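Participant: Encoded as structure tokens, here's the structure I'll be asking about.
Read-outs: derived from the displayed coordinates by stated rules, not from any lab. Everything numeric here is computed off the predicted structure, so don't read it as measured data. FYI the Cβ positions are ideal-geometry reconstructions off the backbone, even for glycines, and counts take in every protein chain you see.
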Amino acid sequence: MSIILSANKVTKIYTSGSRSLKVLDDVSFDIQQGEIVSIVGPSGSGKTTLLGLCAGLDNPSEGNISLCGENLNKLNEDGKAALRNKKVGFVFQNFQLVPTLTALENVMIPLELLGQSSAGKTAKSLLDRVGLKDRMDHYPSQLSGGEQQRVSIARAFSNTPQILFADEPTGNLDDATGQNIESLLFEMNAQERTTLVLVTHDLELAEKTQRIIRLKGGRVLSDTMTNTLTVHG
């Protein structure tokens, strides 16, 4: 298997006036293609910052990140955006759907950015797979939290990503809805054979992944394999 994501001595420092805050400190790890990995840690440990750096949404203060064979330090913003459009999917805690677009139109966005002529057909198929066949023409405000996250998952898989980043995907949902979303995410991921990197404070969810990277105070506290060999088939 090849390495799809590599962080090498990554440090992130935020500066405000004369004050500086080191959020990440010398973080290194490699993730193989097809792995299902969770990044866990207490609030303020740098989880979401690390995810943003790995996806090229922000730049490290020191160190290198390689994503899908590309050194992100060597890409400009347009280059990183193009890489994300083609090879990366995202699921966020707060869904990040466009409120003025229907569920169908939200899922079509990445496909239209890639110039796919069959965007509508592909988006309808994905919404059907996530159980929203009858909700395609609804706007986000007309959908429950769980339904909005299903739209978000459909959108995340629309560009057939090589790697999917999920940031607290069940954080805004009640327990029952959250478990349904977990199952759907793992199921879709298994079907598409996507690499999944999951940021969560939920240790129960983390235990369902194959590997747990624990952060504390911006450093890697541990990096261990779990007993999970396969997730939902």
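Participant: If I fit a long axis through the Cα atoms of helix 77-87 and take the longest principal axis of the Cα atoms of the chain, what angle between them do I get, 0 to 90°, rounded to 10?
Facilitator: 50
Participant: Now a separate question. Considering only the other residues whose Cβ falls under 13 Å of the Cβ of F95, what net charge follows from Lys and Arg at +1 and Asp and Glu at -1?
Facilitator: -1
Participant: In addition: Sorted by average packing, counted as other Cβ atoms within 10 angstrom per residue and highest first, what order do 52-61, 157-166, 174-183, 127-136 take?
Facilitator: Result, highest mean first: 157-166, 52-61, 127-136, 174-183.
Participant: Ok, one more. Which angle from 0 to 90°, rounded to the nearest 10, does the C-alpha axis of helix 175-192 make with the longest principal axis of the chain?
Facilitator: That helix lies at roughly 90 degrees to the long axis.
Participant: When only DSSP loop residues count, what trypsin sites (Lys or Arg not before Pro) in region 152-233 have their Cβ near at most 11 other Cβ atoms within 10 Å?
Facilitator: Loop-located and lightly packed - R193.
Participant: Here's another thing I want to ask about it. Using the Cα atoms as the points, what is the convex hull volume per residue of region 112-228 in Å³?
Facilitator: 132
Participant: Among [x] 1.05; [y] 1.38; [z] 1.00, only one was calculated for this model; which label is it, if the read-out is Cα Rg over 2.2 N^0.38 Å?
Facilitator: Read-out taken from this structure: [z].
Participant: Report, by chain and number, residues whose modeled amide H sits under 5 Å from the one on L164, excluding near sequence neighbours (fewer than 5 apart, same chain).
Facilitator: The list, which skips near neighbours in sequence, is G89, T195, L196, V197.
Participant: Could I ask something else about it? Across region 149-155, in residue order, what do the Karplus-derived ³J(HN,Hα) couplings come to in whole Hz, using 6.51 cos²θ - 1.76 cosθ + 1.60 with θ = phi - 60° and x for Gly and Pro?
Facilitator: With the stated coefficients, region 149-155 comes to 5, 5, 4, 4, 5, 4, 5 Hz.
Participant: Please go through the residue pairs K121/K208; K47/K208; K12/K124; K47/K133; K47/K86 and name each one whose alpha carbons sit more than 29 Å apart in this structure.
Facilitator: K121/K208; K12/K124; K47/K133, as the Cα separations exceed 29 Å there.
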